[in-house]
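Every read-out reported here was derived from the displayed coordinates using simple, explicitly stated rules and does not represent laboratory data. Only a predicted model underlies this, so the values are computations on that prediction, with no experimental measurement involved. As a convention, Cβ positions derive from the backbone with ideal geometry for all residues, glycine included, and neighbour counts pool all protein chains shown.
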């Protein structure tokens with residue numbers, strides 16, 4: 001009985017010390033989907049960087065079916081809408097037959113901006129002519145945390 005009581009007390013002390021100091025930190029993420037689909041694409045790897053000194057944010061996500069999302073935002077100075085997005089700022093390839101070459105409309109909105117993180121959302125229409133001319137719209141949210 002003493003052994004089980006000692007184990008229980010040690011486990012409680014360990015748990016108490018862990019939960020007391022544990023804080024939830026933001027992380028780098030991307031949620032992206034074609035507007036006509038209900039489910040977001042699962043990205044196996046997501047890497048991002050935000051440098052407040054150079055004012056450059058970038059993010060890359062790669063999905064399990066070779067989907068690729070790219071976000072590159074140079075000269076990022078404040079929250080609000082990123083001006084005049086181009087295909088070099090935001091692009092999504094579905095890994096099969098949608099490989100866009102230009103943005104035809106939409107927006108990238110910066111919702112949060114500080115020294116260690118950037119986050120926002122987007123709705124971008126892109127044109128592809130890989131298998132005939134197609135325009136598709138992607139929507140989603142992103143977050144980049146440098147800590």
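Run through all the Cα pairs of the stretch 84-147 and give the fraction in each 5 Å bin from 0, expressed as whole percent.
Spelled out bin by bin, the stretch 84-147 gives 4, 17, 25, 20, 15, 10, 6, 3, 1 percent.
For residue 87 and residue 27, what is the calculated FRET efficiency with R₀ set at 30 Å and r taken between the beta-carbons, to the nearest 0.05? Walk me through the numbers before you get to the answer.
Details: r = 27 Å, r/R0 = 0.89.
Taking R0 as 30 Å, the efficiency between residue 87 and residue 27 is 0.65.
How many angstrom lie between the C-alpha centres of the stretch 120-147 and the stretch 70-118?
Centre-to-centre distance over Cα atoms comes out at 8 Å.
How much length is gained on full extension from residue 65 to residue 42, taking 0.36 nm per residue of separation minus their Cα-Cα distance? Can you show the working numbers first?
Numbers: separation 23, 0.36 × 23 = 8.28 nm, distance 0.91 nm.
Stretched out fully, the residue 65 to residue 42 stretch lengthens by 7.4 nm.
Give me the log10 of I(q) over I(0) for the stretch 26-145 at q = 0.13, 0.16, 0.22 Å⁻¹, as the Debye formula computes it from C-alpha points; what are the numbers?
Log10 of I(q)/I(0), two decimals: -0.46, -0.70, -1.29.
Taking Cα centroids, how far is the stretch 45-65 from the stretch 26-44 in Å?
Comparing the Cα centres of the stretch 45-65 and the stretch 26-44, I get a distance of 14 Å.
If you stretched the chain out fully between residue 114 and residue 49, how much longer would it get, using 0.36 nm times the residue separation minus the C-alpha to C-alpha distance?
Between residue 114 and residue 49, full extension yields an extra 22.1 nm.
State, as an integer percentage, the relative contact order of the stretch 26-147 based on alpha-carbon contacts under 8 Å between residues 6 or more apart.
26
Could you list 107, 42, 34, 142 so that the one with the fewest beta carbons within 10 Å of its beta carbon is first and the one with the most is last?
Numbers: 107 14, 42 11, 34 17, 142 26.
Ordered from fewest to most neighbouring Cβ atoms within 10 Å, 107, 42, 34, 142 come out as 42, 107, 34, 142.
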